[in-house]
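The block underneath contains the structure these notes are about, expressed in structure tokens.
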Amino acid sequence: MIGEQTLEQEYIVAKKKSAKPMLWVSMISMVMFFAGLTSAYVISMKRDDWVSFDLPQAFYVSTFLIIASSIALSLSQRFLKKDKRQLSLIMLVVTLLLGIGFVWQQYVGFNQLKSIGLFFTGPESTVSTSFIIGITFMHVLHILAGVIVLFVVIYNHFKYKYKPNDMLGFELGSIFWHFVDILWIYLFLFFSFIK
């Protein structure tokens with residue numbers, strides 16, 4: 001019985017030690033993926049049929065929402081460390097709502113592009129709009145993964161799985177969410193200044 005408890009404790013310690021490095025490896029692969037896409041964007045700008053245009057207004061709104069979501073998540077984590085569970089949960093829900101708002105604004109942005117005649121595919125599409133919509137859509141998929149992560153964190157928060165001295169799942173979810181937020185800010189600035 002004591003041996004089983006020791007093995008279980010060793011397993012938990014090993015799991016905690018490997019969780020963050022595994023997350024960092026997956027995030028590095030995502031950085032490489034988006035670096036490849038933005039590099040292809042820069043190379044394609046030399047094409048004769050390249051069309052420059054301003055980003056849709058909804059992308060500015062979504063940028064504000066994603067930054068606000070990171071702030072809310074940081075506050076949630078800070079409240080949880082102080083064992084203020086109710087405030088932590090409120091800020092987690094705010095983070096989730098802001099994340100969903102981000103996804104909605106991206107959809108609105110795609111429609112704003114369509115309304116001015118810029119399409120992802122088809123005879124009316126351009127290389128530049130195909131790149132921007134394609135890259136942005138890939139990021140939205142990562143945000144949707146982040147929204148699922150937030151649902152899991154909220155569920156575990158309700159189940160009292162996080163404590164001020166044991167927040168591994170919360171920390172992993174937080175790292176991933178902040179990562180996709182920073183990734184969007186990079187993409188937004190990239191598209192804003194490299195046309």
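Here are the numbers:
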{"read-out": "Crossing angle, helix 168-193 versus the chain [Cα axis fit, 0-90 degrees, rounded to tens]", "value": "10"}
{"read-out": "Rounded FRET efficiency, nearest 0.05, which uses the C-beta distance separating ASP166 from SER18 and R0 of 22 Å", "value": "0.85"}
{"read-out": "Of every Cα-Cα pair in the range 59-117, the percent that sits beyond 16 Å", "value": "49"}
{"read-out": "Average Cα contact separation per residue, the chain, under 8 Å, 6 or more apart, as relative contact order %", "value": "27"}
{"read-out": "Label-reachable residues, the range 88-131, where backbone N falls under 16 Å from a point 7 Å from ILE185's Cα toward its Cβ", "value": "99"}
{"read-out": "Net charge contributed by nearby residues that have their C-beta within less than 12 Å of LEU75 (K/R +1, D/E -1)", "value": "+4"}
{"read-out": "C-alpha long axis of helix 85-115 to longest principal axis of the chain, angle in °", "value": "20"}
{"read-out": "In degrees, nearest ten, helix 127-158 long axis to first principal axis of the chain (Cα)", "value": "20"}
{"read-out": "Estimated FRET transfer efficiency (TRP104, LYS82; beta-carbon r; R0 22 Å; 0.05)", "value": "0.10"}
{"read-out": "In range of the label at PHE64: residues from the range 75-97 whose backbone nitrogen is under 12 Å from the point 7 Å along Cα→Cβ", "value": "none"}
{"read-out": "ALA35-VAL93 FRET efficiency (beta carbon distance; Förster radius 41 Å; 0.05 resolution)", "value": "0.80"}
{"read-out": "For the range 80-136: relative contact order, % (alpha-carbon pairs under 8 angstrom, 6 or more apart)", "value": "18"}
{"read-out": "Normalised alpha carbon radius of gyration of the range 2-193 [divisor 2.2 N^0.38 Å]", "value": "1.22"}
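Read-outs: derived from the displayed coordinates by stated rules, not from any lab. Fair warning: this is a prediction, and the values are worked out from it, not measured in the lab. Every residue, glycine as well, gets a Cβ built from its backbone with ideal geometry; the counts of neighbours run over all protein chains shown.
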